[in-house]
Protein chains: 2
Amino acid sequence: MARFTHPRLDEVQLATLLHALADPARLEIVRRLDDHGRAGGEDLACGGAAACEIPRATLSNHFTILRGAGLIESRKHGVQVLNRLRRAEVDARFPRVLDAVLGANGRSQAV
Amino acid sequence: MARFTHPRLDEVQLATLLHALADPARLEIVRRLDDHGRAGGEDLACGGAAACEIPRATLSNHFTILRGAGLIESRKHGVQVLNRLRRAEVDARFPRVLDAVLGANGRSQAV
DNA sequence: CACATTAGTTCAATGTTTCCGAACAAAGGA
DNA sequence: TCCTTTGTTCGGAAACATTGAACTAATGTG
């Protein structure tokens with residue numbers, strides 16, 4: 001189990017970020033991490049950040065993609081892996097994109 | 001050659017929109033259509049909206065994806081197909097998303 | 001300490017998308 | 001009529017996503 005690798009955000013392309021967000025499950029994960037972060041909560045484990053119907057192998061893959069896009073940072077903590085949104089860094093690199101994507105269709109509108 | 005079908009934007013999911021934007025070639029097409037629209041220009045033919053190195057079959061596919069995401073409207077005009085960005089409709093459905101995506105990495109920053 | 005449990009990862013098979021050359025179609029010219 | 005230009009469609013190869021099963025690592029528990 002290799003340690004996680006997190007890209008610097010200036011290495012991340014816009015298309016990569018958008019691709020990571022272009023999936024309902026991953027969008028949901030990012031939303032939960034964002035909500036959780038705003039509420040001042042601790043980082044979320046993979047299981048807690050996603051809907052439970054998703055198979056674990058698939059989930060693991062989703063988190064890998066989110067990491068690769070610079071969207072989340074993961075660290076091991078006991079049995080679990082805790083994740084947090086790299087909000088500030090993403091905002092600095094792609095201003096307003098996360099706000100728009102999360103806000104535009106946050107909870108107010110039908111998806 | 002069937003007539004093009006354009007979805008209503010309330011039928012389009014955020015993930016679908018993001019997926020359509022999550023490709024450098026398509027992002028480039030959308031940027032050009034946007035620039036062109038802002039400049040008050042006529043609609044752009046498929047060929048004119050994209051980098052010429054892309055094979056035509058691939059291009060055609062890109063345009064199909066953009067249409068399916070509600071991002072562009074296409075109409076036949078002689079031999080060519082003219083395209084325009086459905087800016088107002090996309091903005092109404094997903095406020096700020098296009099602005100952020102096009103603006104955040106428009107021409108000022110390195111991609 | 002041995003054994004079980006829990007949370008994720010890796011592997012491998014399968015399924016789905018994407019890419020693109022080649023053949024095709026339709027609209028104008030020459 | 002035949003040629004050219006602009007896209008589309010087809011079909012096979014390549015790339016990517018999904019997921020069950022086997023695995024690993026941390027941490028209980030008897």
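A few comments on the model shown:
- Pairwise FRET efficiency - residue B:53 versus residue B:76, Cβ, R0 = 25 Å, nearest 0.05: 0.50
- The stretch A:21-73: radius of gyration over Cα atoms, expressed as a fraction of 2.2 N^0.38 Å: 1.04
- Based on the convex hull around the alpha carbon atoms, chain A presents an average projected area of 7.1 nm².
- Kirkwood Rh (inverse of mean 1/r, distinct Cα pairs), the protein assembly as shown, angstrom: 18.5 Å
- Our summary of shape: the Cα atoms of the stretch B:60-104 have principal axis extents of 35, 18, 17 Å, ordered from largest down, in whole angstrom.
- Efficiency of FRET between residue A:65 and residue B:60 - r from beta-carbon atoms, R0 22 angstrom, step 0.05: 0.20
- For the protein assembly as shown, the mean residue ellipticity at 222 nm estimated from helices alone is -14000 deg cm²/dmol, where every DSSP H run of n ≥ 4 contributes -39500 (n - 2.57) and the total is divided by all residues, rounded to the nearest 500.
Each reported figure results from applying straightforward, stated rules to the coordinates on display, with no laboratory input. Worth saying up front: this structure is predicted, and the values here are computed from it rather than measured. We place every Cβ from the backbone using ideal geometry, glycine too, and count neighbours over all the protein chains shown.
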